[in-house]
Structures are given as C-alpha cells and as structure tokens.
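Working notes, beginning with the structure itself.
Quick note: the coordinates plus some simple rules give every number you see, no bench work behind them. Only a predicted model underlies this, so the values are computations on that prediction, with no experimental measurement involved. Don't worry about glycine lacking a Cβ; one is built from the backbone with ideal geometry, like all the others, and counts go over all protein chains shown.
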Amino acid sequence: MGKTILIAGGTGQIGRALEQKLNDKGYKVRILTRRPKNDNEFYWNPVKQEIDTESINNVNVIINLCGVNIGDKRWTKTRKIELEKSRTQPADFLFSIVKKFSKLEAYITASGANCYGHLNTMIAYNENDPFGTDFLSEIVEKWEKSADQFESFCPVIKMRTSIVLEKNKGAFPRIARPIEMGFGSPLGSGEQMISWVHIDDLVNSYLFFVENPIKGTYNIVGGNETNKVFLQTLATFLKKGFWLPRIPKFLLTLILGQRAELILEGVKISNQKISELGFEFKYTKLYKTFEDLYKKNES
C-alpha cells in the first residue's frame with residue numbers, strides 16, 4: 001500500500017476526482033467531512049475544533065481543499081467573512097494538531113490563481129508577482145498564510161488554481177448553458193482574460209506533488225483566453241450562434257453585485273514554474289478541451 005493521504009474538503013468537485021485518481025494509484029485515501037457516509041470518511045468540524053482521531057493515524061500527506069464556493073452567493077459583508085473563514089479556519093485547526101501527524105511528509109493546499117489583481121492584462125503573471133489589492137487577492141493571501149504555518153513541520157505546496165473545466169460540475173455548466181441554448185455573447189468588454197485548467201490536469205498536478213513534494217507556490221493553469229475567444233470557441237464547437245451584442249458591465253454588476261468581478265476581470269497567468277519541474281499539461285488547447293469534456297459526458 002502506498003502513502004496515506006488525508007483530504008480535507010474532499011467531498012466536492014475536486015476532492016472526488018482526486019480521491020478516485022489516488023485510489024487508482026494505490027494510495028490509501030481518507031476524507032474529512034462533517035457528514036461521513038463511507039468507510040474512508042471521517043467526521044470533523046474545524047469550527048468546533050472536533051475531529052475523529054482515527055483519521056490522523058499514519059497520515060503522510062494532508063491535502064486541504066476547503067473553501068465555500070466564491071461564486072455561489074452575493075458578496076455581502078457576512079458572505080465575505082464566510083469565504084475567508086472557510087479557507088483559513090480548517091488550516092488553523094489542522095495546524096493546532098499538527099504534532100499528532102507523526103509521519104507527515106507534505107501539506108498541500110488549494111489556493112486561487114485570481115490573486116494578482118487586474119492591473120495589467122498584457123503580461124503573464126507568475127508566482128513571484130505581488131498580490132493584488134482587490135477582495136479576491138486579499139482572500140488568497142490570507143488563505144496561503146494559514147498554510148505557511150506548516151513550513152516548520154514539512155514542505156508546503158500551494159496550488160493557485162484557475163477556473164476548473166469539468167462538464168457537469170463547478171463553474172463550467174453555468175458558463176456553457178447560455179451557449180448551449182444559442183444565446184452566445186461576450187460578457188462585458190469581452191477582452192478580459194479567462195485562465196482555465198481541465199479537471200484531469202488539475203488532479204494530475206496534485207498527484208505530481210504527492211509523489212514529488214517540492215515546496216513552493218504554483219500556478220495551475222492550462223491556458224488563457226479572452227472572454228470573447230473562450231465563449232466563441234465553445235459556440236463554434238457546439239455549432240451554436242454567437243451573434244448577440246455584448247452584455248454590458250453595468251447589467252452584470254446589477255445582477256451579480258461585486259462578484260461580477262469573477263467574469264468582468266482577469267489577467268493572463270503563467271504555468272512556467274510547474275512546467276519546469278517536469279509536469280505536463282495535457283489540455284492546453286481550448287477546442288481540444290471542449291472535445292474531451294463533451295465526449296466524457298456522452299460515454
């Protein structure tokens with residue numbers, strides 16, 4: 001049996017796909033959840049600082065995927081606090097019991113690639129660039145600081161993840177639905193960047209660091225396209241029209257509030273750092289990515 005991997009926040013989109021990949025590779029996977037249902041799932045509640053101690057035994061790698069969905073609700077003052085705490089509290093709690101992880105070899109945390117602000121859309125941002133000053137950047141900075149606590153115990157790997165593309169899960173169905181219905185249109189100016197990664201490449205990048213725990217911060221990005229090119233490519237693939245006028249910024253802001261930033265702002269992001277370690281992204285061309293997403297849905 002391979003290493004024992006403990007996944008916090010493992011019942012979501014990324015967690016389930018990662019669990020399957022790790023199981024296929026012979027790793028022993030345990031999932032921390034508030035509502036355990038299966039034999040490999042264990043109760044925890046980081047807010048109440050409760051955990052089934054059986055989950056801790058002989059763990060080699062902690063993977064922390066915790067964090068409520070950024071785009072689900074309006075960013076009220078209460079929601080902003082929730083978005084931050086859902087990312088920092090689990091890490092803080094795990095760190096408070098880190099000495100009980102006697103065989104810990106690595107701490108791998110999810111993070112966000114939307115942390116560089118929106119100052120310059122002409123360059124490709126890398127991991128050495130400073131954090132932005134917008135709300136999302138501030139959340140990511142606090143998120144990563146909570147992970148940095150583990151550095152005195154083991155290598156810390158921070159995965160700055162872009163929009164994850166999976167056919168029926170996450171953000172992609174909401175992006176694709178208007179196009180599938182024939183209502184293709186750029187959003188806002190259409191020139192803002194969308195950085196994206198195929199779910200398979202994301203899962204394989206986690207596997208890569210389980211097998212090669214090289215500490216550091218890494219952008220997990222398969223490609224970058226403008227909003228217009230992204231949506232137009234999808235429309236072309238689906239043989240749908242792309243003829244409606246741009247949906248103006250003021251209307252999106254009226255509907256979505258501040259979270260309209262998720263689709264109205266964006267920058268180009270470099271994946272050079274992880275690529276130089278030897279990790280290869282399989283999906284770097286958008287049309288090929290769409291082909292695979294819809295093929296899997298049909299199978």
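Numbers at a glance
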| item | result |
| --- | --- |
| Difference of contour (0.36 nm per residue) and Cα-Cα distance, residue 180 to residue 152 | 5.1 nm |
| Ranking of 50, 144 by count of other Cβ atoms within 10 Å, fewest first | 50, 144 |
| Estimated FRET transfer efficiency when R0 is 41 angstrom, pair residue 191-residue 96 (beta carbons, to 0.05) | 0.35 |
| Stokes-Einstein diffusion coefficient of region 4-298, Kirkwood radius over Cα pairs, 10 °C, 1.306 mPa s, in µm²/s | 80 |
| Cα-based convex hull, region 1-128, per residue volume (Å³, whole number) | 151 |
| Between helix 286-298 and the chain: long-axis angle, C-alpha atoms, 0 to 90°, nearest 10 | 70 |
| Most mobile of 195, 152, 185 in a GNM of the chain (Cα contacts under 10 Å) | 152 |
